[in-house]
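Here is the structure we will look at, set down as structure tokens.
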Amino acid sequence: MDQTAAPPPSPLHVPCTHCGATNRVPVTRLGEAPNCGRCGKPLLQGQVLELSDANFDAAMAATALPVLVDFWAPWCGPCRAMAPAFAQAAGQLAGKALLVKVNSDDNPALSARFAVLPTLVRLQGGQERARQSGALPAGAIVALATG
Ligand SMILES: [Zn+2]
């Protein structure tokens, strides 16, 4: 038994936009335009996909489309406010790009890999003057702080 083998990627749970049935789709079939098991209509046409630490890499390997990932969190008001626009964009991008959501609270590995933390913001009189994401050496921190 190979102790180093990664567990198989978690299947996607995709709600059908036509009949509402939830379909379990192997993430490796992402690029094959699967159909709904109940009504036979196409799944994943312009839908936002919810991915996780457990299936993200397999999903990326299965699609040749450009992928835009929305890292969001349930406590993030602007994240929730953007969700309808994100879903609308996904519909407009059907077949052209894949729009993906990752809950950053539930998926620490992906969040760490693509994180925008730490982010440093320089303020002057309460107004934002500059911002830089990613870890910085002391010299760059000094330069950012003094503008
Ligand atoms: Zn269906």
Residues whose placed amide H lies under 5 Å from that of Leu98, excluding near-sequence neighbours: Val67, Leu68
Phi-based couplings in Hz for the range 35-48 (Karplus 6.51, -1.76, 1.60; Gly and Pro marked x): 9, 5, x, 8, 9, x, 7, x, 8, 6, 8, x, 9, 7
For the range 3-147: relative contact order, % (alpha-carbon pairs under 8 angstrom, 6 or more apart): 18 percent
Whether the range 22-66 is rounded, prolate or oblate, judged on the alpha carbon gyration tensor where a/c under 1.5 counts as rounded: prolate
Phi-based couplings in Hz for the range 97-103 (Karplus 6.51, -1.76, 1.60; Gly and Pro marked x): 7, 10, 9, 10, 10, 10, 6
Net charge over other residues, Cβ less than 10 angstrom from the Cβ of Arg122 (K, R count +1; D, E count -1): +1
Segment Arg29-Gln127, extension gain: residue separation times 0.36 nm, minus the distance between their alpha carbons: 30.5 nm
Integer Hz, Karplus 6.51/-1.76/1.60 couplings in order for the range 128-142, x for Gly and Pro: 5, 10, 7, 8, 9, 9, x, 5, 10, x, 4, x, 6, 5, 4
Share of carbon and sulfur in the accessible heavy-atom surface of the range 24-104 [1.4 Å probe, %]: 57 percent
For Glu128, solvent-accessible area (1.4 Å; no DNA, RNA or ligand), Å²: 90 Å²
Solvent exposure ordering (accessible area, 1.4 Å, most first) of Thr119, Thr146, Thr63: Thr146, Thr119, Thr63
The chain: angle of helix 77-92 to the longest principal axis, Cα-based, in degrees nearest 10: 50 degrees
For the range 1-131, accessible area per residue (1.4 Å probe, heavy atoms of protein chains only), Å²: 62 Å²
Other-chain or far-sequence residues with amide H under 5 Å of Leu12's (modelled H): Val25, Val27
Å³ per residue enclosed by the Cα convex hull of the chain: 167 Å³
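The values are calculated or read from the model by the stated rules, or taken from the named source; none is laboratory data. Remember, predicted model here, so these are calculated numbers, not experimental data. Glycine also receives a Cβ, built like all others from the backbone with ideal geometry; neighbour counts cover every protein chain displayed. Side chains included, ligands, DNA and RNA excluded: accessible areas come from the protein's heavy atoms. Shrake-Rupley method; radii C 1.70, N 1.55, O 1.52, S 1.80 Å.
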